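Notes follow once the structure below has been shown.
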Amino acid sequence: MATPDHPFLHLAAPHIAGLTPYVPGKPLSELERELGIGAAVKLASNENPLGCGEAAQAAFRDCSADLGLYPDGGAFALRRAIAEHHGLDPAQVTVGNGSNDVLDLVARTFLQPGVESVFSEHAFAVYPIATQAVGATARVARARDYGHDLDAMAALVGERTRVVWIANPNNPTGTWLGAGPLRAFLQGLPPQVIAVVDEAYFEYVEAPDYPDTSRWLTDFPNLIVTRTFAKVHGLAALRVGYGLSHPAVAELMNRVRHPFNVNAPAQAAAAAALGDRAHVRRSVDHNRAEMARVTAGLADLGLDYIPSVCNFVTADLGRPVGPVDAALLRRGVICRPVANYGLPNHLRISIGLRHENARLLTALAEVLRG
Ligand SMILES: *Cc1c(COP(=O)(O)O)cnc(C)c1O
């Protein structure tokens, strides 16, 4: 029905009318404008505080003379670089406008009304949105210790299941699955189910039993592994990610992919970033050291947090997050409340530069003292 505040709602497909949009972190410029200050700190979107490396920046700059030309719609050079990086064939690589785009391609290719996807409570918000956007039904498994409970997920897999989404590690909890349990879970999936393992934080993870599932593609033809250039590579602004899969799965997703979904500077910068191992190492080293400082600071404040292998940590404030978040914003610190993930008392904090983290801890101490 047309309502005064939304005159076109009745025209939208029912599954679209019921969608809640993804809520991104507040942009720095917006908060600075609101507060009339010039130096807010954003620890809300799990970006790399070091930005991207020199090689990626140079590749980006080199594109500036050719902005009148369409990008390579097949992303030939980038797909070849990704394939070489993983020891796979370029036909197994699907590029996306961020890995979010790849997740959407999975949904548009394999989901439709009448079929189901399975994911965990507290899992990345894009899985329910991608599922509902194509009219499929979401089945949500209870989490265990904030992480994916693979037994609970397996119990929801049935005849109508077409996609299982696994975030390893997961955002916003920072939890991860070891090789043994994940492999056993994949082995138990029926053949009509596509398993997506979302490895957006792959490079940050230093847990010894953490698997590189891109090496499992020959064992599991129904597996899609996704990676992104937005996190450790520091290219969030450019929107590039990719999926690795069986070539026939990639070929299907390629049918619905927008022909120029990854722009030319993004393709060039991403290929350069992939070869810049020094920048990845620097970024991971920085994250390890600052994660230790931030978690020690949270413990000093008497706060529990979910142990994280990512570039963010999610703290349990022991009280509703809204007022704390508002008070932090007034002090020029943007974090991410995760009440919309079923965690009403939790605040996700991206690991920033040392002075940014110090500012967060100082502001948090002030706010909690009241
Ligand atoms: C950030 C993130 C992504 C991908 O983001 P893009 O910027 O679209 O590449 C995917 N999955 C998880 C779990 C993430 O946190």
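The values are calculated or read from the model by the stated rules, or taken from the named source; none is laboratory data. All figures in this text were calculated on a predicted structure; none of them were measured in a lab. Glycine gets a Cβ as well: all are built from the backbone with ideal geometry, and neighbour counts include every protein chain shown. Note: areas computed on protein heavy atoms with side chains; ligands, DNA, RNA excluded. Shrake-Rupley method; radii C 1.70, N 1.55, O 1.52, S 1.80 Å.
Divide, for the chain, the radius of gyration over alpha carbons by 2.2 N^0.38 Å, where N is the residue count. So the chain has a normalised radius of gyration of 0.99.
If Rh is defined by the Kirkwood formula over all Cα pairs and Rg also comes from Cα, what ratio Rg/Rh do you get for region 67-275? With Rh from the inverse mean 1/r over Cα pairs, Rg/Rh is 0.95. The simple Förster model, with R0 at 56 Å and r as the Cβ-Cβ distance, assigns Ser29 and Ala248 a FRET efficiency of 0.80.
Charge tally around Val95: other residues with Cβ under 11 Å, Lys/Arg +1 each, Asp/Glu -1 each, net +2. The distance from the alpha carbon centre of region 158-197 to that of region 328-370 is 31 Å, rounded to a whole number.
Amide hydrogen proximity for Ile194: with H placed 1.01 Å from N in the peptide plane, the residues at 5 or more positions away or on another chain lying under 5 Å are Val163, Val164. Charge dipole (Cα centre; +1 on Lys/Arg Cβ, -1 on Asp/Glu Cβ; no other charges) of the chain amounts to roughly 340 debye.
Under the convention that each Lys and Arg Cβ holds +1 and each Asp and Glu Cβ holds -1, the size of the dipole of region 72-212 around its Cα centre is about 460 debye. When the Cα positions of Ala363, Pro49, Ile194 are compared along the charge dipole of the chain, Ala363 comes out farthest toward the positive end, with charges on each C-beta of Lys, Arg, Asp and Glu.
Ignoring the sites themselves, what is the longest stretch of the chain with no trypsin sites (Lys or Arg not before Pro) in a DSSP loop and at most 16 other beta-carbon atoms within 10 Å?
On the way: sites that count: Arg142, Arg160.
In short, 161-370.
Applied to region 201-209, the Karplus parametrisation 6.51 cos²θ - 1.76 cosθ + 1.60 on θ = phi - 60° returns per-residue 3J(HN,Hα) values of 10, 3, 5, 7, 6, 10, 5, x, 9 Hz, with x for Gly and Pro. Considering only Gln92, Leu105, Val140, and ranking their Cα positions along the charge dipole of region 78-175 that arises from unit charges at the beta-carbon of Lys, Arg, Asp and Glu, the one farthest toward the positive end is Leu105. Sort out the exposed loop GluC sites (Glu not before Pro) in the chain (DSSP loop, at most 14 other Cβ within 10 Å) and tell me the longest stretch that has none. Longest gap between qualifying sites, sites excluded: 207-370.
Express the accessible area of region 67-275 per residue in Å², computed with a 1.4 Å probe while the remaining protein chains stay in the model.
Details: 8040 Å² over 209 residues.
Using a 1.4 Å probe on heavy atoms only, each residue of region 67-275 averages 38 Å².
Region 222-293 and region 68-116 have their alpha-carbon centroids 10 Å apart.
Once the Cα-Cα distance is subtracted from the 0.36 nm per residue extended length, the Arg369 to Glu206 segment shows a gain of 55.2 nm.
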